[in-house]
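Student: Take a look at the following structure, please.
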Amino acid sequence: MSSNERKRGDRASTIITTHLNPDYDAVASMVAATKLYPEAVMLFPGGQPRNVKNFFIQSLLYLFDVVRPKDIDFDAVKRLVVVDTRQKDRIGVAGPYLANPNLDIHLYDHHPDAPGDLAGSLQVVSQVGANVTIMIELIKAQGLTLNPQEATMLALGLYEDTGSFTFSSTTPRDLAAAGFLLESGADLSIVSELISRELTAEQLALLNELIHSAEIRETRGRTVVVAMARREYHIEDVAVLAHKMMDILSADLLFVLVEMENMVQLVARSRLREADVGEIARALGGGGHGAAAAVAVRGKHLQEVREELEKHIAQTVNNLYSAAHIMVRNPISIGQNRPISEAMDMLVRFSLNVLLVEDSLERTIGILSEHSVSKAIYHGLTSYPVSDVMTTEFQTVPVTATFNEIKTIIVDLSQRILPVIDGDGRAIGVITRTDLLRLLAGEVPGGTEEAERGRGGPFERNLSGIMEDRIGSKIMGLLKELGDLAEKSKASVYLVGGTVRDLIMHKPIKDLDLTVTGDMLIFLGNVTEKLNPKQIKKHPRFKTATVILEDGARLDFSSARVEYYEYPGALPVVSQSSIQLDLQRRDFTINALALSLNAPDFGRLFDFYRGYQDIKEGLIRVLHSLSIIEDPTRAFRAVRFAARLGFKLSKMTLGLVESALKGGFFQNIHPRRLLTELKLICEEDEAVPALERLADLGLLGCIHPSMRLTRPQRELIGEIAKVKQWFQLTFGNRPSASFWLVYFLVLTEGLSIGELTVLVDNLDTGRKAANEVIHERARLWQILLINRRRKGGKDPTPSEVDRLLSPLSWPGILYIMAKARGDFLAQAGAAYLATYRKVKPQCRGDELIALGFPMGPTIQKVLCRLREARLDGLAETIDDERRLAKKMFEDQSV
């Protein structure tokens, strides 16, 4: 610094400062503060940090009065302006001078209140996504202007601290501030380059080490990641590495600890509104907000900081839970006067270990275990009422019960199941010992693949942050409104099945499938009153409803239900149930997922069968060992989902398919259900690998014993996939519902006409489809034979191609195109579908009558000849057609 600059520092009466190790938001806030305090100088409390030593930032800061701590005469300072923090121990060298009673302190901060916060004569505190947003609003309110370089610097802080407006802490005010900066000339290309710039070799090496050392655990249903590393030298922008790790590891909570240069730097990130990492950082001497925080810990080793951090993580996550979060809603109950035989039937049917017993007012008065029921039946008491053998000494809790209260009853008092009751004594949920163990351990206990699947509580996490990132604001608003309406209806509503799966897999959300527990009629009544839908269709028999909104959005509702099978292969019997039993009826773990939309736990994922983990591992897994036997069509669906998602069947699922084949259980399936599953597979984009997998597993033989895929047939379905792609690009997806016929023609090539006739009759394909399959096959093969004999000869004219192909359906033509594999017939089929079939003569029948042709079939013959002339290029205009028609009349050639 020059002597002039030192003198300027000596006489500075107003200093702008921020926290140690400032990020872009802190630097941007300091620059913004110079607009509000033009006489002030800027002071970095620990010297200019490494992470702002970028050419652009250096060049900009050169234009401002930036002084070093040693060049400040603090006794001459009259006003201290602090931005992006209020913590005394985070402002470095300026801290000791805060006791000066003559010092006027102005504070600008966006962090929540915390113990030990500074007090100032002016305090502008507001919880927005970035502190610089507050500064921008003040600049705008005072009518001040920014030049493009200043606007770019402020935008850098705004974009960094909001995660480019993706963090859950982002507010509408942050977006409005960005608009003002763009109007002021902010250069987003510079912002993008600085925020998303390529990592250095040192940063890449550190990122790789952090990822490989990361401890990833499911704690209280959330993915918590803690990663540690050591370096002898300083590494810049550890926060950038933390941001990348959040995406790579799909973490809900992330803590990165790096020991370097006699300190441990902690960077914390959170996707959970209810998990405030800023609070954890403040407890360790740092700061930040709910979604992002940091602290530099000095005087402690890496492991010491880690141990202290773990205490705060456990406390933060444990405190999230009450009975309302842990319980399984709508438990199965039995009346006190029902016979013991009925209780056993319910235990087996619904795969339960325990039933609640209720009186005539539906109040919970007892607990009935499978062990007690089995003993009663052994002693011949099947007709006795369940009240004779139920347990009446048990504890209950309200929905507000804390985690520790629940743990005391289940662990200390050894009560295996804990009813959660309302004010009238009615059970609204239950918590089992397994529920508690899963929350404590973060994993399913037991060593088998089933591991008590379906008998415990949910393996849960909260996906509200992910929902906000991947669902549009309009749909998000609608889902929250549905949750509010469910609360009003004393019901619960969930996003379920494939909708949740696709959300986790970053796939587009096409449909909104929702399940309601409670009285769905009351809920739908409130939906109708509030949303005023265009149309609502109720299906009481199936306990479902479809709501069409004014903007065309479609909502498919179903009441939570349970299914059981009276015999293997039968259609399921349906009755009302809880969300857990509703998910238990699903086909695969990846589809047995539910997201709560009710306000108290919006975004909470119910995952009783570890479907989230199977999605991450790419596995198709059934829920229990009788799944394929109960409904063998699940084997076909397993293959379809595996092909669509690029997954593989789990070892257990493959074994169950093989066992069901050996046991002959596929013979119980109604042929129409088999055809439905085959159609769905053929309509998939990945139909080829799915059909090949069906063949490899022997499942095609369930449709017909002679159905298989030879090597030529495998090559042919590959050609069909190419033809299908051409067809859809040319004509769109309009006819895709019948594309299964093209594949079916290949699959049945090895069947005789007699076998084919019997098969399509058994499958009940419909008259049109049966005609296309049976009656066209002979014609198709005849055309292919003609094509083989024609090779080397003269190509048919367009009109000859038209006569050859016009009697066929489009699936038959596409089959021929694939079979011909690129030769003339394939080209002819494409030309026919795209062009020839659309050609029509321009002459009308009345003109031909005026020429002298008699009314009747002759007119149609002449028009046909004129169309062929058009196809062959012999008549290009209507005058050409008239001359040709006149010549036909004169020559009597029709």
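Every number here is computed from the coordinates shown, using simple stated rules; none is lab data. Treat the numbers as computed from the prediction; the structure is a model and nothing was measured. Cβ coordinates were reconstructed from backbone atoms using ideal geometry, including for glycine residues, and neighbour counts include every protein chain displayed.
Student: Subtracting the Cα-Cα distance from 0.36 nm times the residue separation, let me have the gained length for ASN668 to HIS379 in nm, one decimal.
Tutor: Full-extension gain reported as 100.4 nm.
Student: Also: What FRET efficiency comes out for GLN127 versus PHE165 if R0 is 25 angstrom and r is the Cβ-Cβ distance? Round to the nearest 0.05.
Tutor: Efficiency, from the Cβ-Cβ distance: 0.95.
Student: For the stretch 669-769, what are Rg and Dmax over the alpha carbons, in angstrom?
Tutor: Answer for the stretch 669-769, Rg first and Dmax second: 13.2, 38 Å.
Student: Between HIS234 and GLN303, what is the label-to-label distance in nm when each label sits 7 Å out along the Cα-to-Cβ direction?
Tutor: Each label point is offset 7 Å from its Cα along the Cβ direction, giving 2.8 nm.
Student: Can I ask one more? How large is log10 I(q)/I(0) at q = 0.13, 0.22, 0.24 Å⁻¹ when the Debye formula is applied to the Cα atoms of the stretch 135-200, each weighted equally and without solvent?
Tutor: -0.34, -0.90, -1.04
Student: With +1 on the Cβ of every Lys and Arg and -1 on the Cβ of every Asp and Glu, and nothing else charged, how large is the dipole of the chain about its Cα centre, in debye rounded to the nearest 20?
Tutor: Dipole about the Cα centre, nearest 20: 3000 debye.
Student: Which loop chymotrypsin sites (Phe, Trp or Tyr not before Pro) in the stretch 96-197, with loop taken from DSSP, have no more than 15 other Cβ atoms within 10 angstrom of their Cβ?
Tutor: PHE165
Student: Here's a follow-up. Could you pull the Rg and Dmax for the stretch 183-340, using just the Cα atoms, both in Å?
Tutor: 20.4, 79
Student: Principal axis extents for the stretch 162-268, Cα atoms only, whole Å, descending order, please.
Tutor: On the principal axes, the stretch 162-268 reaches 45, 36, 23 Å in Cα extent.
Student: Round to a whole angstrom and tell me the spacing of the C-alpha centers of the stretch 577-598 and the stretch 290-311.
Tutor: After rounding, the separation between the Cα centres reads 39 Å.
Student: Evaluate E = 1/(1 + (r/R0)^6) for LYS722 and SER659, where r is the Cβ-Cβ distance and R0 equals 41 Å; express this FRET efficiency to the nearest 0.05.
Tutor: The formula returns an efficiency of 0.65 here.
Student: Can I ask one more? If you take the beta carbon distance between LEU188 and HIS506 as r and set R0 to 22 Å, what does 1/(1 + (r/R0)^6) give as a FRET efficiency, to the nearest 0.05?
Tutor: The formula returns an efficiency of 0.35 here.
Student: Give me the base-10 log of I(q)/I(0) for the chain at each q in 0.07, 0.09, 0.11 Å⁻¹, Debye formula, one uniform scatterer per Cα, rounded to two decimals.
Tutor: Here the Debye-derived log intensity ratios amount to -0.79, -1.05, -1.26.
Student: Can I ask one more? With each run of n ≥ 4 DSSP H residues scored as -39500 (n - 2.57), what mean residue ellipticity at 222 nm is computed for the chain after dividing by its residue count and rounding to the nearest 500 deg cm²/dmol?
Tutor: So the calculated ellipticity at 222 nm is -13500 deg cm²/dmol.
Student: For the stretch 80-138, build the convex hull from the C-alpha positions and give me its volume per residue in Å³.
Tutor: 81 Å³
Student: Grab the Cα-Cα distance for ARG363 and ALA201, subtract it from 0.36 nm times how many residues apart they are, and report the gain in nm with one decimal.
Tutor: 51.7 nm
Student: For the stretch 784-894, how big is Rg over Rh, using alpha carbon atoms and the Kirkwood form of Rh?
Tutor: Using only Cα positions, Rg/Rh for the stretch 784-894 is 1.06.
Student: If you count the DSSP beta bridges with both ends in the chain, what percent of them are antiparallel, to the nearest 5?
Tutor: Percentage antiparallel, nearest 5: 65.
Student: Between LEU874 and LEU175, what length comes free when the chain is fully extended (0.36 nm per residue of separation minus the Cα-Cα distance, one decimal in nm)?
Tutor: Fully extending the segment from LEU874 to LEU175 adds 245.1 nm.
Student: Over the alpha-carbon set of the stretch 795-835, divide Rg by the Kirkwood Rh and report the Rg/Rh ratio to two decimals.
Tutor: Value, to two decimals: 0.91.
Student: Tell me the label-point distance for the pair ARG644, LYS490, using the 7 Å Cα-to-Cβ offset, in nm and rounded to one decimal.
Tutor: It works out to 3.8 nm between the two label points.
Student: If you line up the long axis of helix 473-488 against the longest principal axis of the chain, both from Cα atoms, how many degrees apart are they, to the nearest 10?
Tutor: For 473-488 against the chain, the angle is about 80 degrees.
Student: In nm, to one decimal, how far is the modelled label at GLU405 from the one at ALA834, with both set 7 Å along Cα→Cβ?
Tutor: Calculated label separation equals 7.2 nm.
Student: Would you please give the residues with an amide H less than 5 Å from that of GLY429, counting only those at least 5 places away or on a separate chain, with H modeled from the backbone geometry?
Tutor: ASN330, VAL420
Student: Return, for the Cα atoms of the stretch 80-198, the radius of gyration and Dmax in Å, separated by a comma.
Tutor: For the stretch 80-198, the Cα-based Rg and Dmax read 15.6, 48 Å.
Student: Would you mind giving the three semi-axes, in whole Å and largest first, of the ellipsoid equivalent to the stretch 636-702 according to its Cα gyration tensor?
Tutor: 18, 16, 9
Student: On alpha carbon coordinates alone, what is the Rg over Rh value for the stretch 814-865, Rh being the Kirkwood radius?
Tutor: 1.26
Student: With only Lys, Arg, Asp and Glu charged, each at its Cβ (+1 for the first two, -1 for the last two), find how big the charge dipole of the stretch 827-894 is about the Cα centre; round to the nearest 20 debye.
Tutor: Taking the Cα centre of the stretch 827-894 as origin, the dipole is about 240 debye.
Student: Find which of VAL760, ALA594, THR200 sits farthest along the positive direction of the dipole of the chain, computed with +1 on the beta-carbon of Lys and Arg, -1 on that of Asp and Glu, about the Cα centre.
Tutor: Selected residue: VAL760.
Student: Have a look at VAL224, LEU249, LEU495 and report the one farthest towards the positive end of the charge dipole of the chain, computed about the Cα centre with Cβ charges (Lys/Arg +1, Asp/Glu -1).
Tutor: Value: LEU495.
Student: Taking a cut-off of 22 Å, what percent of all Cα-Cα pairs in the stretch 263-364 are separated by more than that?
Tutor: Within the stretch 263-364, distances greater than 22 Å cover 54 percent of Cα pairs.
Student: In vacuo Debye scattering of the stretch 355-428, one point per C-alpha: log10 I(q)/I(0) at q = 0.12, 0.13, 0.18, 0.25 Å⁻¹?
Tutor: Debye curve over Cα of the stretch 355-428, log10 I(q)/I(0) at q = 0.12, 0.13, 0.18, 0.25 Å⁻¹: -0.38, -0.44, -0.76, -1.14.
Student: Grab the other residues whose beta carbon is less than 13 angstrom from that of THR633, score K and R as +1, D and E as -1, and report the net.
Tutor: It works out to a net charge of +2.
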